[in-house]
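The values are calculated or read from the model by the stated rules, or taken from the named source; none is laboratory data. Please read all numbers here as calculations on a predicted model, not as lab measurements. Glycine also receives a Cβ, built like all others from the backbone with ideal geometry; neighbour counts cover every protein chain displayed.
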Amino acid sequence: MQTDHAVAFDPAAAADTAITAIMHDLSHTSHKAVVVDSPPGAGKSTLVVRAAGELVEGAERPIIVAQTNNQVDDLMVRLATARPDATIGRLSAGGYFPPPAVSDPVNSVVGNTLRDLAGCQIIVGTSAKWATVRDGTFGWAILDESYQMRSDLLLQIVERFDRGLFVGDPGQLDPFTVVGTERWIGLPHDPTLNGVTVLLEHNKGIPVHRLPVSWRLPASAAPTVSAAFYPFEGFRAGTGLDVRALEFRTAGFGGSHLDETLRMAFTTGWALHELPRRHVPRTDAETIQTAADLAARLLERGAVGTCERHPSGRSLTAGDIAIGVAHRDQADLVRAALARTGNPAVPAVAVDTANRLQGREFEVVIVVHPLSGRRDATAFHLEAGRLCVLTSRHRHACIVVARTGIGDLLDSHASTEPVHLSVEAKFPDGWEANQVVLSKLAQHRVAG
């Protein structure tokens, strides 16, 4: 009798199948737009570069719309390397000074107007810069990190192209605005919605693809992040449990709580360093100093990471570590706390808010939990996208620093946010996403 065996998941084959389907739809002239949803670290930039190259090979002259100058610079470097036969243009503001990585390649050109870039096969710029362009039409636009782009910006640039490829991560932070948005809530022309949501709402039949593999997140993290923030789409890790490992070159002495937390993170990929229960301001000195001390201790003991990129192991540097927070004043205090550790290497540790860490990748990430020590759970601190960004930047391990009591806060929290007509409830909401992550962290708790 023949027994059926489950077919082993092949991440490379799954990703290739998805990309093949995307490229097929790009060539299908009946589609005015194609949307690609991507989990963290699924290769969005790689897809953008490949799609731009294939469009050039098809005699197109695509433009690329990114959301920040850093994203544009990164794409310029990738495109110049991947397409040495094509001239890549960067559409920039007058005061922009390109870094050497952008200006040095012989096939890179920087200009302030489309006339300056007339000979370029691919032109890259921020959505804000493209919104200032009032003439010229292109066959294709590739809109990178399109879930970060407000729909009002999309409306300003949509006349510049005939067809669009929208690539982004639906699980991360929504577009940011500094003005009140109450007057537009529930309206079909709400300018604060992201570009993809508005595109799909007003244009039926647009194909939506999903990249099924995260090449960044380890196998220890992908199931939790997928369940918490991508319950409908889901994704798998591109590497197995035995591919990546962390270890120390030096032994830990004294059995400190810091060493216990690092051991837990290096062994399981997760750690919750839990401080005593207390209601504190968001600038809580003890929590912030603990996050800084963990980074300094990791460097002091000489962490070594083994993975598919470095099978023989590589010593982690300060640039491989990030500390993520919710507020800018917390980031400033973490930098000061790092300086107090006395370790000369720690200034190179990346310290920033979730908004600014979005799109970046590190080996180890230390997170100051947005709800740590709070008396209430506001919409800002419960935002699912914020926690998603903070817990999905790492390739090896994520360490969360928090005070005891977040679970009780979530259980007792009653939403006070107003309900608006014609506005769909966001799912997963912040409460549910936080519960999923906290349930996972509870299995890796170390009392601080």
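Quick look at the numbers
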| quantity | calculated |
| --- | --- |
| Residue in the range 255-277 that is in contact with a Pro (Cβ under 9 Å, 6 or more places away or on another chain) and assigned to a helix (DSSP H, G or I) present | no |
| Residue ID - surrounded by the most Cβ atoms within 10 Å (Cβ to Cβ), chosen from residues in the range 323-357 that are among the small types (G, A, S) and part of a strand (DSSP E or B) | G324 |
| Residue check, V400 buried (at least 19 other Cβ atoms within 10 Å of the Cβ), under 19 Å from A228 (Cα atoms) and modelled with pLDDT of 90 or more | yes |
| Residues satisfying the stated conditions in the range 59-104, i.e. hydroxyl-bearing (S, T, Y) and within 18 Å of R160 (Cα to Cα) | S92 |
| Some residue of the range 20-34 being within 22 Å of the chain's Cα centre (by Cα), at pLDDT 95 or above and not in a helix (DSSP H, G or I) | yes |
| Filter result (touching a strand residue (DSSP E or B) at 6+ places or on another chain (Cβ under 9 Å) and assigned to a helix (DSSP H, G or I)) within the range 278-291 | E286, T287, I288, T290, A291 |
| Qualifying positions in the range 186-222 - among the β-branched types (V, I, T) and outside any helix (DSSP H, G or I) | T192, I206, V208, V213 |
| Number of the condition not met by V225 [criteria: (1) touching a residue at least 24 places away in the same chain (Cβ under 8 Å); (2) in contact with a helix residue (DSSP H, G or I) (Cβ under 8 Å, 6 or more places away or on another chain); (3) part of a loop (DSSP other than H, G, I, E, B)] | (3) |
| So A251, is it under 27 Å from the mean Cα position of the chain (by Cα), assigned by TED's automatic domain parsing to the domain that holds T306 and not acidic (D, E) | no |
| Single unsatisfied condition, R210 versus (1) of a type in the set (D, E, K, R); (2) free of Cβ contacts under 8 Å to residues at least 40 places away in the same chain; (3) not assigned by TED's automatic domain parsing to the domain that holds A336 | (2) |
| Which listed residue, of A285, A318, is surrounded by fewer than 21 Cβ atoms within 10 Å (Cβ to Cβ), farther than 17 Å from R395 by Cβ and either aliphatic (A, V, I, L, M) or more than 23 Å from the chain's Cα centre (by Cα) (or both) | A285 |
| Yes/no for S372 being of a type in the set (S, T, N, Q) and under 17 Å from V437 (Cα atoms) | yes |
| Residue in the range 268-279 that is surrounded by the most Cβ atoms within 10 Å (Cβ to Cβ), counting only those that are of a type outside the set (D, E, K, R) and more than 24 Å from the chain's Cα centre (by Cα) | L275 |
| Residue ID - modelled with the highest pLDDT, chosen from residues in the range 403-436 that are closer than 21 Å to H279 by Cα and acidic (D, E) | D408 |
| Residue tally, condition of a type in the set (D, E, K, R) and either surrounded by 24 or more Cβ atoms within 10 Å (Cβ to Cβ) or touching a Gly at 6+ places or on another chain (Cβ under 9 Å) (or both), over the range 359-394 | 6 |
| Restricting the range 75-114 to residues that are closer than 17 Å to G53 by Cα and out of contact with any helix residue (DSSP H, G or I) (no Cβ under 7 Å at 6 or more places or on another chain), the residue that is surrounded by the most Cβ atoms within 10 Å (Cβ to Cβ) | A80 |
| Helices (runs of 4 or more DSSP H) completely within the range 59-142 that count 2 or more residues being of a type in the set (F, W, Y) and within 28 Å of the chain's Cα centre (by Cα) | none |
